[in-house]
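Undergrad: Below you will find the structure I want to go over with you.
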Amino acid sequence: RAEMIKQVKSLVRTVNYTSAGTVEFLVEDDGSDFYFLEMNTRLQVEHPVTEMITGVDLVRGMIDVAAGRGIPQEYLDLVYKDGDSEEDLEGKVVPHCGHAIEARIYAEDPLRGFLPSTGPLLQYEEPPSSILISSSGQKEEQCQIRVDSGVTVGQTITQYYDPLISKLISYSPNDRSQAIAGLSKACDLYVIEGLGGGNNVNFVQDVLRQPSFQRGDTPTNFIDMHYPDGFDGVILTKEELEEVSVIGALLGEQRRHVLDYPPLTLVGEEMKKDCQEKDGKEEKVVVVCLGGMFGKAYEVSIGKDLKTMAVKSLSPFSSKEEENEGKEEDMEKKTS
């Protein structure tokens, strides 16, 4: 990193460049060497990642330099210390902490080969600025969420400009895995409806779930490797499918009670009345099909206390699924 910084300084001095810019390098897999690729005389779309881990407002710095005021002194103080010589500063870097990751949210439909989606935004609600990702006793781990956007409800996305809706950034003071978890939850809480089509939030979610992505194994052909036939829905694990079936059973029972016996007080009390004895236990059994009539079926047993639940798959595995059971590929696609 220090050697890379020295080369960047040498480059910008040679061309007398004084504003914000981005120098790109290719790095060997083992980090043994790096090679100059190009320099962009501007900020990158991903500049919020740098801002989140350093606390430096790059846009402000760029404007101050352009206005002739120079780099803000508080930014210089992050690197320059009293008594430092020019030689001491050659390899120094602005202090940084934690990990940040950014996703570009586009008005493109990944289920249709990323074709542009045009039309008005009917609903638009950004995720909160802070998201709880884990809690253990008195200790809570949170991620900071930043959304850089220029849209609002009722605005029309047209075919004439870049379909970028926003940039969604997650920052963890700890590590990459927590930053990914924060970004995933932010996607869950991001409401984007309308546009006459889809957006790529579901695709971002699926990428974040890939074990290879979580490991940082992200070559330039990542999408071709993991989506050779295109994207056709978020992949759910066996455990997640079971969780969805339980949610479906509870929602279905609530809807049935509301339609059959209006008005009601607590659906839970009505559900208790429906419980029948099975194997010495009082429970309600509901069959849930995920993905429509011909989707995967589950039998959900709901205990009378409404706290005990059991899930059993009713769909036989195909030979291919049996072959891949227990492997990373043994996941099923959510089709509806």
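The values are calculated or read from the model by the stated rules, or taken from the named source; none is laboratory data. Predicted model, so just to flag it, every value in this text is computed and none were measured. As a convention, Cβ positions derive from the backbone with ideal geometry for all residues, glycine included, and neighbour counts pool all protein chains shown. SASA here: full protein model, heavy atoms, side chains in, ligands and nucleic acids out. Shrake-Rupley method; radii C 1.70, N 1.55, O 1.52, S 1.80 Å.
Undergrad: Is there any pair with a first residue in the stretch 21-40 that is small (G, A, S) and a second that is part of a strand (DSSP E or B) and surrounded by 10 or more Cβ atoms within 10 Å (Cβ to Cβ) whose Cβ atoms are under 7 Å apart and which are 6 or more apart or on different chains, and what are they?
TA: G21/M39; G21/N40
Undergrad: Only residues that are open to solvent by 40 Å² or more (accessible area, probe 1.4 Å) and among the aliphatic types (A, V, I, L, M): list them for the stretch 133-156, please.
TA: First, pick out the residues of the stretch 133-156 that are open to solvent by 40 Å² or more (accessible area, probe 1.4 Å): 134-140, 142, 144, 146, 148-150, 152-156.
Result: V153, single match.
Undergrad: Looking at (1) closer than 30 Å to E28 by Cβ; (2) modelled with pLDDT under 90; (3) among the hydroxyl-bearing types (S, T, Y); (4) open to solvent by less than 50 Å² (accessible area, probe 1.4 Å), which is the one condition that is false for T237?
TA: If we test T237 against (1) closer than 30 Å to E28 by Cβ; (2) modelled with pLDDT under 90; (3) among the hydroxyl-bearing types (S, T, Y); (4) open to solvent by less than 50 Å² (accessible area, probe 1.4 Å), just (1) comes out false.
Undergrad: Any residue in the stretch 106-126 that is without any contact (Cβ under 8 Å) to a residue 40 or more places away in the chain and among the aliphatic types (A, V, I, L, M)?
TA: Looking only at the stretch 106-126, we keep the residues that are without any contact (Cβ under 8 Å) to a residue 40 or more places away in the chain, and these are none.
No, the stretch 106-126 has no match at all.
Undergrad: So, one more: Among the helices (runs of 4 or more DSSP H) contained in the stretch 174-229, which hold 1 or more residues that are in contact (Cβ under 8 Å) with a residue 40 or more places away in the chain and surrounded by 15 or more Cβ atoms within 10 Å (Cβ to Cβ)? Before you say what the answer is, go through the steps one by one.
TA: On the way: elements: 176-189, 201-209, 211-215, 222-226.
Because the criterion is at least 1 residues that are in contact (Cβ under 8 Å) with a residue 40 or more places away in the chain and surrounded by 15 or more Cβ atoms within 10 Å (Cβ to Cβ), the helices (runs of 4 or more DSSP H) in the stretch 174-229 that meet it are 176-189, 201-209.
Undergrad: Hey, among the residues in the stretch 251-284 that are open to solvent by 60 Å² or more (accessible area, probe 1.4 Å) and among the hydrophobic types (A, V, I, L, M, F, W, C), which one's modelled with the lowest pLDDT?
TA: Here the answer is L266.
Undergrad: Among the residues of the stretch 230-255, write down those that are part of a loop (DSSP other than H, G, I, E, B) and not aliphatic (A, V, I, L, M).
TA: The answer is G230, F231, D232, G233, T237.
Undergrad: In the stretch 51-71, what count of residues is obtained for those that are within 27 Å of the chain's Cα centre (by Cα) and without any contact (Cβ under 8 Å) to a residue 40 or more places away in the chain? If you could, list the steps in order and put the result at the bottom.
TA: Pass one, the stretch 51-71, residues within 27 Å of the chain's Cα centre (by Cα): 51-59.
Pick out the ones that are also without any contact (Cβ under 8 Å) to a residue 40 or more places away in the chain and you get 51, 55-59.
Result for the stretch 51-71: 6.
Undergrad: Sort out which residues of the stretch 92-132 are open to solvent by 20 Å² or more (accessible area, probe 1.4 Å), closer than 30 Å to D57 by Cα and assigned to a loop (DSSP other than H, G, I, E, B), and write them in order of number.
TA: Residues satisfying the conditions are K92, V93, V94, P95, H96, C97, G98, E126, P128, S129.
Undergrad: Only residues that are small (G, A, S) and either at pLDDT 90 or above or open to solvent by 60 Å² or more (accessible area, probe 1.4 Å) (or both): list them for the stretch 23-69, please. Steps first, answer last, please.
TA: The first filter runs over the stretch 23-69 and keeps only residues small (G, A, S), leaving 31-32, 55, 61, 66-68.
Of everything in the stretch 23-69, those that are small (G, A, S) and either at pLDDT 90 or above or open to solvent by 60 Å² or more (accessible area, probe 1.4 Å) (or both) turn out to be S32, G55, G61, A66, A67, G68.
Undergrad: Further question: Only one residue in F222, F294, F231 is more than 30 Å from D30 (Cβ to Cβ), of a type outside the set (A, V, I, L, M) and modelled with pLDDT of 85 or more, so which one is that?
TA: Working: F222 fails: more than 30 Å from D30 (Cβ to Cβ); F294 fails: modelled with pLDDT of 85 or more.
F231 is the lone residue from the list that is more than 30 Å from D30 (Cβ to Cβ), of a type outside the set (A, V, I, L, M) and modelled with pLDDT of 85 or more.
Undergrad: While we're on this one: Only helices (runs of 4 or more DSSP H) wholly contained in the stretch 10-91 count here; list those with 1 or more residues that are touching a Ser or Thr at 6+ places or on another chain (Cβ under 9 Å) and of a type in the set (A, V, I, L, M, F, W, C). Outline the logic, then answer.
TA: Details: elements: 47-54, 58-66, 73-76, 86-89.
Correct list: 47-54, 58-66.
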